[in-house]
1. Just checking my list [x] 1.30; [y] 1.44; [z] 1.11 against Cα Rg over 2.2 N^0.38 Å computed from this structure; which label fits?
2. Where only protein heavy atoms count, and the probe is 1.4 Å, what is the accessible area per residue for the chain in Å²?
3. Using a 1.4 Å probe, how large is the accessible area of Tyr285, given in Å² and rounded to the nearest 10?
4. At 222 nm, what helix-only mean residue ellipticity would the chain give, in deg cm²/dmol to the nearest 500, using -39500 (n - 2.57) for each DSSP H run of four or more?
5. Report the Cα-based extents of region 194-302 along its three principal axes, largest first, to the nearest Å.
6. Check the straight Cα-Cα distances from Lys478 and name the lysines below 16 Å, setting aside those fewer than 8 residues away within the same chain.
7. Quick one: accessible surface of Lys32, probe radius 1.4 Å, all protein chains present, in square angstrom to the nearest 10.
8. What FRET efficiency do you get for Glu246 and Arg90 if R0 is 30 Å and r is their Cβ-Cβ distance, rounded to the nearest 0.05?
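The values are calculated or read from the model by the stated rules, or taken from the named source; none is laboratory data. The structure displayed is predicted, hence computed values, not measured ones. FYI the Cβ positions are ideal-geometry reconstructions off the backbone, even for glycines, and counts take in every protein chain you see. We work out accessible area using only protein heavy atoms, side chains counted, and drop any ligands, DNA or RNA first. Shrake-Rupley method; radii C 1.70, N 1.55, O 1.52, S 1.80 Å.
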Amino acid sequence: MSDKRNNNEDERESLVNKAASLRAIYNESEDKILLGRKISRVLRKLIPGYSANGEIDEAWSYFEHITLPRQQLASDGSGKKEKAPPGANRTWLYPGWTTPQDDLRDFGTGVAIYFETMRGLIVICLIAGCIYFPNFLYYRSEEYAAEGQSHLVGTLRGSLICPDTKWVPCPTCTEEDWADDLGRFARTLPNNLDDSNETFTFVLSNECADFRLREGILHLVVMAFLTVAIFSLGFFQTRRELEYDEELLTASDFSIKVDNPPPDAVDPDEWKEFFSQIDGGEVVYCTVALDNEDLIKALAKRRVLLLKLRHKLKASELKDMAFISVSSEVAQAHPKEYKQLLVLEETCRELLSNEYATTSIFVTFQTEKAQRNVLRNLSVSKIDLSDNNIAALRHPHCAFRGSLVLDVAEAREPTSIRWEDQDETSMHKFIQRVFTSFLTALLMGLGFIAVRSAFRKDVNLAAYVIALLNIAGSHVFKFVNRLEAHPNEGGYQASLYVKLSIFRWMNTAVVTTLVTPFTKTISEGGLIESVHAVLKAEIITLPIVHMCDIMGTIRRHFLAPFAPHQDSMNMYFRGGVQSLGEKYTVR
C-alpha cells in the first residue's frame, strides 16, 4: 500500500514538473494566462480528486498554445504579425477587442468578409437612425400625443405607440368585428327606465395626431436608403472577396475539378497523362474521388470508436493500445466497445473488397498559368457540354479518350471539400432537399404554435420563448442540414443560412405580426411593444449564451479534471465550431 502511494506521488510530481517545463518552453507569465486557468487552480485546491490523473495546467497550456489561434512576428524580419503554427514559441493570443481587420484574414476570407459586413451594417443602421431622428422627436412630442410618451419605458419613447385613447360611439360596430381585440369593444346595458331596451356600442379609438406627409416621406427615404445600402454592401463583399483571393495564393488557384468523369476512369496516371498534354500543363497531384461514401463513413466511425476507447482508458492501459489495433487486455476491460470495433472492421473489409465508380477528379498543376490554360482549352457552353459536342473544343485532343467533353471548373479549397458527398446523384440530392424542406416547414409550424401560445399569456414570455427557439433552432437545423449532400462547405453553409433565416424570420417577425390584432398595431401592449420585447431578448440572451460558452466551460472545469489520463484531459480542451451560415442569421 505504501509503495502504491509513493508511486502515485512520484507520478503526480512528474506531471507537475512536466507542466512547469511547458510553461518555461512557452515563456508563460502569470499576467498572460487565461482567467479560466486561474479559476481551475482555485478549484484544484477546493475539490478533492480534482486533476488527480493528470496536470490541469498542462491541459490549459495545450488549450492556449495548440487549440487557440495565436500570433507571432513574421519570419522575414519586417515586423509584421502573422498567424503562428500550433505549439510555436514566442507567440501571443489575438486580442479580443483590438484585432485589426487585416489580421482577421488569417482565419480565412469568409471570416474577414463577415466582420467587414458587420461593420458595414453598423454604419448603415447608424445613418438610417440619423435620417429617422426627426420622426423620433415628433412621435415623442405632445404634438403627436397630447399626453406625451413620458410614461413609456426606454427606447419605446419616440416610437409610433399612441398612448392617447378615447371611447367613441360606433353604432355600426358588431362584436364579431372586434373578436380579435374585445378589450377595445364595449356595449352599454339596456335602459330599464323605458321600454326601448336600447343599447349603445362604443370602441376605443386612438386620438393621436394623424400621420403627416413629412413623416411618411422620411419612412420612404429610410427604406430606399436601406435597400440601396444593402445592395451596395453585397457588391462590396464580392469585390473584397476577389481582392483577398488575388492577394493570397491557395491550392484552388492551381487546381481544377472534373464533374463528369467516366465511371471506369479510376487510374490517376491516365488523368495525369491526359492533362499533361494540354499546353504542357505539368500535373503535380491527381485525386480520383470514388462512389465509396459508405466506406468513408465506416472508416470514420472506426476512427471515432478508437478515439472514444482511448478516451476511456486508464493511464496504465494507454501504452497497450495502438491506434490501429487493440490489445487483449484492453479488449477484456472494455468488451462492449471491442465488439463494436470488430463489427466495424468486418464492415470495412467487405467494403474495401468492392469496386467503386469514379465521381469526380481533382487535378493540381505546377503553375497557375497551366491551370488557366487547361480551363481555357476545356471550357464550353452548357449546351455543348450536355450534347457532348467535341467540335466546340479548341483542339480534338482536349476530348477525354477522344470522345468525352469534360465538365471542368476551378476547384474549391481542399479544406472546404466534403469528400463523403462527392458521389451523390442529382436525383438523390433533390429527394434530400424535398425531405429537409418538409422538416423545415414542420419545425416552423411547431415554432409558430409555441410562440402563439406564449403571446397569449405574456408578451415578455413570448419574447424569451422566441430567443430560446432561435438558439435551439441553430442546433436542430445543423442536424437537419446533415441529411443533405453538399460537395463543398460553402453550399452547406448557404443551405444552413437559408433554413435558419426563414425559421428566425418566421418566429421574430411573421408570427409576431399574425398573432397581434391589427387594432393593436400602435396601441400600448400591442405590436410595437411585442417587437421591442423580442429584439431586447435577442440582444441580451444570444450574446450572453455565446460568451458564456456553457458546454466548453463544463468540459474544461468539471469534466477534464476527472479524466483518466493526460491525453484524455487534453481532449476536453477543444475549441468550439463556428458556423458562418448561423452567424449571418443572428446579426
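1. Answer by label: [x].
2. Per residue, the chain has an accessible area of 59 Å².
3. Counting only protein heavy atoms, Tyr285 exposes about 150 Å² to solvent.
4. -16500 deg cm²/dmol
5. For region 194-302, the Cα extents along the three principal axes come out at 105, 41, 28 Å.
6. Lys499, Lys583
7. Per-residue accessible area (Lys32): approximately 150 Å².
8. Numbers: r = 31 Å, r/R0 = 1.04.
Computed FRET efficiency for Glu246 and Arg90 comes out at 0.45.
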